[in-house]
Amino acid sequence: MRLFILCIALLIITSCQSMHSNDPNSLFFSIPAGSTLSLGKELSISSTETHGTIQAGKQIADDDRQFYDISCRLDFEKFGPRTIEPEKFTVTRTEDGQNWISQPSILRFYTEVYLKSNKDTDIIKMVCQFYGDTIDRNFTVAEMQEALGDFVTIEYATTK
C-alpha cells in the first residue's frame, strides 16, 4: 500500500512539471529572459503607426501581410514617422497563446516577446503570429527566426 501511495504521489508531482526544451526547433522551447534580440536593419515607422511589420525577412506594409504565414510586429510607444536604427534589445519575458479569429474555423497563434531597449528606444514588444485552424499548432522559435530572416536575430541567454 505504501508503494502504491508513493507511486501515485510521484505521478502527481511529475505531471505538474512543465515541459521544457533547450532546442529552438522544439515547441517546448521558450526564449529565455536575458536573451538579446538584434535589429539588424533600419525599421521605418509611418506617421499613422506605432509599429513595423516583418515577414519573410523583409519589412512590409500591414496591407501586404500574408495572414497564414508567420509575421512579426515590433511595437513602440510613439507614433512615426521615424526610423528605428539597428539596436540590441533585451528579452524580459515571452508568452505563447492562441485566440479565435472566426470560431470555429480560424485561430490566431502568437508569441509575444517583451523587450527592453539598451539605448532608451521606446520598444514595448515583438509579436509574431499567423492564422491557422484547429489542426494547426503554434510555431517554434526557429520558425519565428526564419520569418524574421536577418532583419532581426535572436541570441539566446544560457539557462541554468
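The values are calculated or read from the model by the stated rules, or taken from the named source; none is laboratory data. Everything numeric here is computed off the predicted structure, so don't read it as measured data. So basically every Cβ, Gly included, is an ideal-geometry build from the backbone, and we count neighbours across all protein chains shown.
The residue list 125, 88, 116 contains one member that is without any contact (Cβ under 8 Å) to a residue 40 or more places away in the chain and within 22 Å of residue 24 (Cα to Cα), which is 116. Within region 128-160, the set of residues being polar (S, T, N, Q) and farther than 30 Å from residue 103 by Cβ comprises 145, 153, 158, 159. Within region 119-135, the residues that satisfy the criterion of being over 22 Å from residue 60 (Cβ atoms) and among the acidic types (Asp, Glu) are 120, 133. Scanning region 46-69 for residues that are in contact with an Asp or Glu (Cβ under 9 Å, 6 or more places away or on another chain) and among the charged types (D, E, K, R) yields 49, 62.
Condition check ((1) touching a Leu at 6+ places or on another chain (Cβ under 6 Å); (2) on the phi < 0 side of the Ramachandran plot) across all residues:
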{"residue": "57", "(1), (2)": "no, no"}
{"residue": "60", "(1), (2)": "no, yes"}
{"residue": "71", "(1), (2)": "no, yes"}
{"residue": "86", "(1), (2)": "yes, yes"}
{"residue": "116", "(1), (2)": "no, yes"}
{"residue": "126", "(1), (2)": "yes, yes"}
{"residue": "130", "(1), (2)": "no, yes"}
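Note on region 132-160: residues that are on the phi > 0 side of the Ramachandran plot and either of a type in the set (A, V, I, L, M, F, W, C) or buried (at least 19 other Cβ atoms within 10 Å of the Cβ) (or both) amount to 0.
So which strands (runs of 3 or more DSSP E) stay within region 1-116 end to end and still have 3 or more residues that are modelled with pLDDT of 95 or more and either more than 18 Å from the chain's Cα centre (by Cα) or surrounded by 14 or more Cβ atoms within 10 Å (Cβ to Cβ) (or both)?
It comes to 36-39, 43-45, 51-55, 71-76, 82-84, 87-102.
So in region 118-132, with the set limited to residues that are more than 14 Å from residue 95 (Cβ to Cβ) and modelled with pLDDT of 95 or more, which one is nearest to the chain's Cα centre (by Cα)? Among them, the one singled out is 130. Residue-level analysis places residue 73 among those that are touching a His at 6+ places or on another chain (Cβ under 9 Å) and more than 18 Å from residue 118 (Cα to Cα). Of all the listed residues (135, 123, 70, 101), the sole one being under 14 Å from residue 51 (Cβ atoms) and of a type in the set (A, V, I, L, M, F, W, C) is 123.
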